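**Student:** Next up is a structure, given as structure tokens.
The values are calculated or read from the model by the stated rules, or taken from the named source; none is laboratory data. What you see is a predicted model, and the numbers here were worked out from it, not measured in a lab. SASA here: full protein model, heavy atoms, side chains in, ligands and nucleic acids out. Shrake-Rupley method; radii C 1.70, N 1.55, O 1.52, S 1.80 Å.
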Amino acid sequence: MTDKISFTLDGQTVTAAPGETIWQVAKRAGTVIPHLCHKDQQGYRSDGNCRACMVEIEGERVLAASCCRAPSEGMQVRTDSARAETSRKLVMELLLADMPEREVAHDAGAHFWDMAEATGIAESRFPTMDAERIPLLDDSHVAMRVNLDACIQCNLCVRACREVQVNDVIGMAGRGHDAFPVFDMADPMGDSTCVACGECVQACPTGALMEASVVDADQRGDSRDFDAEIASVCPFCGVG
Ligand code: FES
């Protein structure tokens, strides 16, 4: 008797350890499934809210978010089916429509752009955000910049602040398309109780939150490993 689960991924038999998701098994098998709201690091629970990682499961009518779906014995998963690829492309196009273009992005090397490339999407056929809806830059914090025009509501900054660092400064305000991260009671970040640990900056996949000192350097467009473990200790507060 084994706890391992066997299933097929794009026709190849793979095994999952207890607790592993389809996305994690695919990563181990060398199959790239785009991901935006999922961060492959300890402490970050899967939220399943961006739908960039959709896969098709034989016999199921609805596509599944691979970052939070556990495989079961004998399951047949396709990352490469037309339905799954079309769904992932659509998600990326919708998100891209509301983002500043890469040439003028706050962080041209952000994980988002790697995932857009992996999905095969360089531009969107959907209309861009109305100019009056574009949020203003918040540069009130000495160490960080808040560029909410690049926010995709993935919620990673909230999980980073609340669940990983247990600071609980960042929350979400608004609903649906109008949701956006806020600091304390929607204070400017510089007036909030943020301790500048930087966890939210490391978690942000788009450059909506950035370290002030690297804003200019990142305009170069060097891509980085979004899932790399980064350990740092804030010199002020001793966390992070
Ligand atoms: Fe799976 Fe966002 S990465 S839903």
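**Student:** Regarding segment 110-219, what's the average projected area of the Cα-atom convex hull, expressed in nm²?
**Tutor:** 7.6
**Student:** Only Cα pairs within less than 10 Å get springs; with that Gaussian network setup on the chain, which residue of Gly48, Gly174, Gly190 has the largest fluctuation?
**Tutor:** Per the Cα network of the chain with a 10 Å cutoff, Gly174 tops the list.
**Student:** Continuing with the same structure: Per residue, how much accessible area does the chain have with a 1.4 Å probe, in Å²?
**Tutor:** On a per-residue basis, the chain sits at 52 Å².
**Student:** Is the shape of the chain rounded, prolate or oblate, going by the alpha carbon gyration tensor and its root eigenvalues a ≥ b ≥ c, with a/c under 1.5 for rounded and a/b larger than b/c for prolate? Can you show the working numbers first?
**Tutor:** On the way: a/c = 2.08, a/b = 1.50, b/c = 1.39.
Verdict is prolate for the chain.
**Student:** Right, another one. Of Lys89, Lys39, Lys4, which has the most accessible area and how do the rest follow, probe 1.4 Å?
**Tutor:** Lys4, Lys89, Lys39
**Student:** Cα gyration tensor of segment 10-54, axes a ≥ b ≥ c as square roots of the eigenvalues: rounded (a/c below 1.5), prolate (a/b > b/c) or oblate?
**Tutor:** It comes out oblate by the Cα gyration axes.
**Student:** Specify the residue with the greatest mean-square fluctuation among Leu96, Leu137, Leu63, computed from a Gaussian network of the chain linking alpha-carbon atoms under 10 Å apart.
**Tutor:** In the Gaussian network model the winner is Leu137.
**Student:** Could you tell me what percent of the accessible area of the chain is made up of carbon and sulfur, with a 1.4 Å probe and every protein chain present?
**Tutor:** C and S atoms contribute 51 percent here.
**Student:** Next up: What do you get when you divide the Cα radius of gyration of segment 3-144 by 2.2 N^0.38 Å, with N the number of residues?
**Tutor:** Numbers: Rg = 17.3 Å, N = 142, 2.2 N^0.38 = 14.5 Å.
That ratio works out to 1.19.
**Student:** Taking the alpha-carbon distance from Lys4 and a cut-off under 23 Å, which lysines remain once sequence neighbours fewer than 8 residues away in the same chain are dropped?
**Tutor:** List returned: Lys27.
**Student:** Using Cα springs under 10 Å in a Gaussian network model of the chain, which residue among Cys151, Cys50, Cys194 shows the largest mean-square fluctuation?
**Tutor:** Cys194
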